[in-house]
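To keep things clear, I will list the structure first and then write my remarks on it.
The values are calculated or read from the model by the stated rules, or taken from the named source; none is laboratory data. What you are looking at is a predicted structure, and each value in this text was computed from that prediction instead of being measured. For neighbour counting, all protein chains shown are included, and Cβ atoms are generated from backbone atoms with ideal geometry for every residue, glycine included.
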């Protein structure tokens, strides 16, 4: 698996599929990345980024998945503690210590607990910790 850091928390995992994590690049665009799947770790603007504009299959926690579905995005929602395979890529969601918030049209929405995502792509696992804190229950991970 190739891991390419694109800026901030935006990472492109390339293996049998291309997974774009947190599609936000400050002052730039993720337009040239051509992901197969987008993964949104939580609902802050600097992590959701261009998820709506990309219009690719997206993986996110259930509350954010509902929001993205309302925007016409093909989305796979999941909950903390769950694992699912999307187009051959394994996604596992674990707890995180952070917040999640989406601001839109002058309103703000809190969208559930923020998760961590583990990605399994071509037999390798990537765990981008991001800004979501480190705590003792991560030892098994």
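Residues that are more than 16 Å from residue 13 (Cβ to Cβ), outside any loop (DSSP other than H, G, I, E, B) and at pLDDT below 70 do occur in the range 115-126.
Residue 64 meets all of the listed conditions (1) modelled with pLDDT under 60; (2) outside any strand (DSSP E or B); (3) closer than 19 Å to residue 8 by Cβ but one, namely (1).
Within the range 30-61, the set of residues being surrounded by fewer than 23 Cβ atoms within 10 Å (Cβ to Cβ) and farther than 19 Å from residue 13 by Cα comprises 44, 45, 52, 53. Applying the condition of being in contact (Cβ under 8 Å) with a residue 12 or more places away in the chain, out of contact with any strand residue (DSSP E or B) (no Cβ under 6 Å at 6 or more places or on another chain) and surrounded by 14 or more Cβ atoms within 10 Å (Cβ to Cβ) to the range 63-78 and asking which residue is farthest from residue 35 (Cα to Cα) yields 63.
Here residue 71 does not fit the description of being under 17 Å from residue 89 (Cβ atoms) and in contact with a helix residue (DSSP H, G or I) (Cβ under 8 Å, 6 or more places away or on another chain).
Quick grid of which residues meet (1) at pLDDT below 90; (2) more than 22 Å from residue 30 (Cβ to Cβ):
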| site | (1), (2) |
| --- | --- |
| 72 | no, no |
| 82 | yes, yes |
| 103 | yes, no |
| 108 | yes, yes |
| 111 | yes, no |
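Residues in the range 19-28 that are surrounded by 16 or more Cβ atoms within 10 Å (Cβ to Cβ), without any contact (Cβ under 8 Å) to a residue 40 or more places away in the chain and out of contact with any helix residue (DSSP H, G or I) (no Cβ under 7 Å at 6 or more places or on another chain): 25 alone. Restricting attention to the range 18-42, the residues that are part of a strand (DSSP E or B) and closer than 20 Å to residue 63 by Cα add up to 5. One residue stands out among those in the range 43-54 that are assigned to a helix (DSSP H, G or I) and in contact (Cβ under 8 Å) with a residue 12 or more places away in the chain: the one that is farthest from residue 69 (Cα to Cα), which is 46. Please work out if residue 76 is at negative phi and assigned to a strand (DSSP E or B). Yes.
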